[in-house]
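The values are calculated or read from the model by the stated rules, or taken from the named source; none is laboratory data. As the structure is a computational prediction, the values presented were derived from the model and not from experiment. As a convention, Cβ positions derive from the backbone with ideal geometry for all residues, glycine included, and neighbour counts pool all protein chains shown. All accessible areas refer to the heavy atoms of the entire protein, side chains included, with ligands and DNA or RNA removed. Shrake-Rupley method; radii C 1.70, N 1.55, O 1.52, S 1.80 Å.
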Amino acid sequence: MAHVHVVIIGFDTINEPGRMRRLFTPEGVKLVENINFYLMPAPNIFIYARKTAICEDAKPMNIGSMARDDGNLILTHDEMNALVKANPTAKKFIRPFMMGANFIQRKPRYCLWLVSANPYDIMKCPKVLERVKRVREFRLNSPREITQRDAATPYLFGEIRYCETNYIAIPRTSSENREYVPIGWLDDSVIPGDGLFIIPGANLYHFGILTSRIHMAWMRRVCGRLEMRYSYSNTIVYNNFAWPSPNENQR
């Protein structure tokens, strides 16, 4: 079912002192002096994307690994069982895998993780080889040059970003009906997909700040939207967030 969300904005060139604007909200029409880019009755302040965080306390946040595989390196629970049954050796190549939706719902998902895998062992798994060949064909037929280049390594994800320690994970998209975006810890056995943002090396203090009401209020104001769902961002939401400066006892 399609959902269409419309914002209608009226512009004019009149800037008379004391001229009021009409802001339509779910609570009714408000007369305000100024309507900014976020459709708020506030000054014209714009949040730009940043590559690094404005605060030293913020650990770098990255997006997870991108497969670019047409689904061939990703496995459902049933596909994982069938693959291991057909090729028991393949078990050591399988890792838990999470995107945003199954992180929230905690539904099991897996991937073929062939980083540093012995090519001889891969050759002994015909079902794994079949999937790798399909990845190569998919990438070669892509109109994107970068995807075509990735056909040279069809056994690997197109973009590899994973953690060697436990890490904080945040889904890129979540329901606007939640008071808090689901944020949690994943251990290093789980490969994060590009539906998750990840913070390697984070501790409980970072977790506490990110799950605070003030961070959620900031996120709701400046994040993008997919339909009306929250679209979290490392460059807009996270890197622009003003962290507190507590002493050790306050931490």
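Numbers at a glance
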{"read-out": "Residue ID - surrounded by the fewest Cβ atoms within 10 Å (Cβ to Cβ), chosen from residues in region 176-197 that are over 24 Å from PRO246 (Cβ atoms) and hydrophobic (A, V, I, L, M, F, W, C)", "value": "LEU186"}
{"read-out": "Any chance LEU83 is part of a loop (DSSP other than H, G, I, E, B), surrounded by 21 or more Cβ atoms within 10 Å (Cβ to Cβ) and not aromatic (Phe, Trp, Tyr)", "value": "no"}
{"read-out": "Residue among THR165, THR173, THR89 that is open to solvent by 70 Å² or more (accessible area, probe 1.4 Å) and of a type in the set (Val, Ile, Thr)", "value": "THR165"}
{"read-out": "Complete set of residues in region 27-73 that are of a type outside the set (Gly, Ala, Ser), in contact (Cβ under 8 Å) with a residue 60 or more places away in the chain and not in a loop (DSSP other than H, G, I, E, B)", "value": "ASN62, ILE63, MET66"}
{"read-out": "Selection count, region 94-151, where residues are of a type in the set (Phe, Trp, Tyr), in a helix (DSSP H, G or I) and touching a residue at least 24 places away in the same chain (Cβ under 8 Å)", "value": "2"}
{"read-out": "Test: residue in region 32-41 that is open to solvent by 100 Å² or more (accessible area, probe 1.4 Å) and of a type in the set (A, V, I, L, M)", "value": "no"}
